[in-house]
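The values are calculated or read from the model by the stated rules, or taken from the named source; none is laboratory data. None of these values were measured; they are calculated from a predicted model. All Cβ positions, glycine included, derive from the backbone under ideal geometry; neighbour counts span all protein chains shown.
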There are 2 protein chains.
Amino acid sequence: MRDAVSGLRVNAERFRNNFESLASVGATPGGGVHRPTFSQAHFQARQWFIEQAERAGLEARVDGAGNHSARLQCGLPGSRTLLLGSHLDSVPYGGRFDGALGVLCALEVLQTVKETGLSLAVDLEAVDLTDEEGTYGNFLGSRGLAGKLRAEDLENPSGGQEAFENALALAGLSRSGLLSAGRDPNSIAGYLEVHVEQGPRLAQAGADIGIVTDIVSTCRYRLKFIGRADHSGTTPMENRRDASQGASAFALAARETVLQTFKDCVVNVGNMRFEPGAFNVVPAAVHVSLEFRSLDRQQLQRLERSLFRQAREQAERFQLALQVERLKATAPTPMSSEVQQVIKEAAELLGLRSLSLPSGAGHDAQSFADLCPTGMLFVPSVGGYSHSSQEFTRWHDCVNGANVLLHATLKMSGVMRAVL
Amino acid sequence: MRDAVSGLRVNAERFRNNFESLASVGATPGGGVHRPTFSQAHFQARQWFIEQAERAGLEARVDGAGNHSARLQCGLPGSRTLLLGSHLDSVPYGGRFDGALGVLCALEVLQTVKETGLSLAVDLEAVDLTDEEGTYGNFLGSRGLAGKLRAEDLENPSGGQEAFENALALAGLSRSGLLSAGRDPNSIAGYLEVHVEQGPRLAQAGADIGIVTDIVSTCRYRLKFIGRADHSGTTPMENRRDASQGASAFALAARETVLQTFKDCVVNVGNMRFEPGAFNVVPAAVHVSLEFRSLDRQQLQRLERSLFRQAREQAERFQLALQVERLKATAPTPMSSEVQQVIKEAAELLGLRSLSLPSGAGHDAQSFADLCPTGMLFVPSVGGYSHSSQEFTRWHDCVNGANVLLHATLKMSGVMRAVL
């Protein structure tokens, strides 16, 4: 019996067909996908997922936060639920693996368990969580499900209030639904997620599976450098208060600061928006999207102070005003050491080389880590490309990820009765 | 008779009422106007102009380039037409004077001439020219009317092809209409325009009226710095090809180049557009809107070479590719010396201090300078603010501008018969 369970593998052919089918939804010419949260392609991908779940005889559900689930009641009545999650949204013009792979692995695990008729100590739920990428607000779905969303969290959606309202309406969701989507924590047995590494470390180390130790802390700010609109032909250069100069000098200084002084951290100026943005008007204001990350809370605070000093200095240098708005700050999140051990054993059972490493990217697992045993496993990203259509993971690594998730799930659930 | 004509003045009260009424169209909270070409507010302003023309008993016309005209047949049959022009479009969130003042002065001159029953050697036409500010393409209306638009000039509209097509359809215009709007050059007797200075020089010199000697040469380019999209949390800083860095370093270098080496020129990075523009994606590309100006053609070429060397160097420094697209280049344009003399005499007749100066801004007059006697006069801009809601010209200076336009018109036309 134990041998039969140890020998269980996912259906690699079905898994592959599902992968190709899903990757065609919102496909871009570059070979990636464009599925921002609540776009038509995103809705289509979620619909595809629900249809697959129903076809497989799983129970489909959508909650108030828009999370789409496929459930398998394989535990005794009243069992808690082990969540196997990830997300089907993408960054603009992103890759086919980020998020989607985790949802497909989860679906495949449920189908495999269902087909083998295993009874476990828990029910299983494959869940496509809403807006992991933060088109409107990072981890809206997982924070909603974990009961952590507050009304104030919805006050400054990334795309602006109007776009958020329109998108919610399109999705058939509401603020009150998001705020009341929290489940009873006692109903959740744990959370597991497969994800692509999105960095080069596993490949460099020749490892098959990454065991996530901690998830990085991420801060997001919006800076506004404020100058004065003037005619670009008639205003002497010396008289200008050109917001582009402060924003540009800050973008360069932020990178240098991290390269020189904060080697374990990263910083990104992901966007600048110019006002009014015309050829013949000196920029009156530039809105800067700033993000920085660290695995250490104190280092993050030092970096924050250093970046803001730079922003103030560059604003003064060009006679600009500066506004700073904090959008998000997550604490560094350790993964459960027990779950790390479970993943390690599952990899060993499959004869795969694992490597423990922190995650430089944020993930929905952060929302669950203080509620229940939570863990993540990575598969290698060729070249480390991510948030790009060039993102790529070799197919056998994807299958390894699904099989490690299967065996980690079985180990976490405890196999109650095998009907093989 | 001569004295009666010399004593003619515009109706300052009507002029003021018209100014206030027009300034309410597309008014912004900051006290300016937002009337980009083919916006609803722009259509409203043009409609307002046509209604005023009809109410005043002038003949209203719209041509294939969308230019809106009020005509007064005050010459003998078959007379040529003296154009009195400017524009009713604005930059985004611009001021109330730029363009609008010139159209209102022209309308006021026609009404004054009509009321006094003067017959002139020419017909008069007050014309609101299309898209002076270049929302889609600078001077579309005046270039169309002057027969200078070619099909290739419409291939790269500033806002993109789709936006341009939609806007043309909204305006009831077409490409073929724009391209065939050219008038017989022999039908045009001259072109005169009143405009706010948009700079500080008249006020600094204590002058009432500026006589434009030359119009600056303007070059517009779109630069695209191309890097690679990567995950902002998982990609080591050293491995990034971050397009924001090249664009930012270029924006700083462009300003320094002009300040250090090209003191008579100006440069503006009016906009940057980031791709994909997300918090958590390293910018894959940044589109830079670049404009620079000079009164000297050779200096402009040296500046162009210097700026492109800077752009290439900064692209290389950050391992980026660079694409350069030329959008526009106008030659420096001298104004007619005869018309400058006419404006000078008109100012003297009114007891006003005039100052000759070049225009750092481009104007529709450029389109007519090689077709017919062309001239411009400026009124002072308080503080030199322009392309901003802070733009301001004192009311008595506006009235001076209208009266100088009136007398310059009479001098250019030759008073044939006064029926005072």
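Of the conditions (1) part of a loop (DSSP other than H, G, I, E, B); (2) surrounded by 21 or more Cβ atoms within 10 Å (Cβ to Cβ); (3) touching a Lys or Arg at 6+ places or on another chain (Cβ under 9 Å), A:V288 fails just one. Which one is it?
The single condition A:V288 does not satisfy is (1).
Starting from residues that are of a type outside the set (A, V, I, L, M) and surrounded by 14 or more Cβ atoms within 10 Å (Cβ to Cβ), keep the ones in the stretch A:320-333 and report whichever is nearest to A:A229 (Cα to Cα).
Out of the qualifying residues, it is A:K328.
State whether the residues of the stretch B:130-139 include one that is outside any loop (DSSP other than H, G, I, E, B) and in contact (Cβ under 8 Å) with a residue 60 or more places away in the chain.
No, the conditions are met nowhere in the stretch B:130-139.
Testing B:R96 on (1) of a type in the set (K, R); (2) closer than 15 Å to B:L124 by Cβ; (3) within 15 Å of the chain's Cα centre (by Cα), one condition comes back false. Which one is that?
Here B:R96 meets the rest and fails (2).
I'd like the full set of residues that are at the interface with chain B (Cβ under 8 Å from one of its Cβ atoms), surrounded by fewer than 24 Cβ atoms within 10 Å (Cβ to Cβ) and more than 33 Å from the chain's Cα centre (by Cα), limited to the stretch A:235-261.
Hits for the stretch A:235-261 are A:P236, A:M237, A:E238, A:N239.
State whether the residues of the stretch A:103-110 include one that is over 19 Å from A:F139 (Cβ atoms), in the same structural domain as A:L405 (by TED's automatic domain parsing) and assigned to a loop (DSSP other than H, G, I, E, B).
No, the stretch A:103-110 contains no residue that is over 19 Å from A:F139 (Cβ atoms), in the same structural domain as A:L405 (by TED's automatic domain parsing) and assigned to a loop (DSSP other than H, G, I, E, B).
Among the residues of the stretch B:216-227, is any in a loop (DSSP other than H, G, I, E, B) and of a type in the set (D, E, K, R)?
Checking the stretch B:216-227: not a single residue is in a loop (DSSP other than H, G, I, E, B) and of a type in the set (D, E, K, R).
Could you grab me the full set of residues in the stretch B:198-228 that are under 30 Å from A:G95 (Cα atoms) and either hydrophobic (A, V, I, L, M, F, W, C) or in contact with a Cys (Cβ under 6 Å, 6 or more places away or on another chain) (or both)?
Selection gives B:L223, B:F225, B:I226.
If you take the residues in the stretch A:182-202 that are in a loop (DSSP other than H, G, I, E, B) and at pLDDT below 95, which one is surrounded by the fewest Cβ atoms within 10 Å (Cβ to Cβ)?
Top of the filtered list is A:P200.
Conditions first: (1) within 30 Å of B:T218 (Cβ to Cβ); (2) under 19 Å from the mean Cα position of the chain (by Cα). A:L192 passes all but one, so which condition is the exception?
Result: A:L192 fails condition (1) only.
A quick yes/no check of all residues on (1) polar (S, T, N, Q); (2) more than 14 Å from A:G64 (Cα to Cα); (3) out of contact with any His (no Cβ under 7 Å at 6 or more places or on another chain):
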{"residue": "A:V91", "(1), (2), (3)": "no, yes, no"}
{"residue": "A:F97", "(1), (2), (3)": "no, yes, yes"}
{"residue": "A:L118", "(1), (2), (3)": "no, yes, yes"}
{"residue": "A:D131", "(1), (2), (3)": "no, no, yes"}
{"residue": "A:N138", "(1), (2), (3)": "yes, yes, yes"}
{"residue": "A:G160", "(1), (2), (3)": "no, yes, yes"}
{"residue": "A:A163", "(1), (2), (3)": "no, yes, yes"}
{"residue": "A:N166", "(1), (2), (3)": "yes, yes, yes"}
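When residues of the stretch B:366-420 are filtered for being assigned to a loop (DSSP other than H, G, I, E, B), at pLDDT 95 or above and more than 30 Å from B:G75 (Cβ to Cβ), how many remain?
Result for the stretch B:366-420: 5.
From B:S337, B:S359, grab the single residue that is surrounded by fewer than 17 Cβ atoms within 10 Å (Cβ to Cβ) and in the same structural domain as B:T81 (by TED's automatic domain parsing).
Only one candidate passes the filter, namely B:S337.
Go through the stretch B:264-317 and give me each residue that's within 21 Å of the chain's Cα centre (by Cα) and more than 13 Å from chain A (Cβ to nearest Cβ).
Hits for the stretch B:264-317 are B:D296, B:R297.
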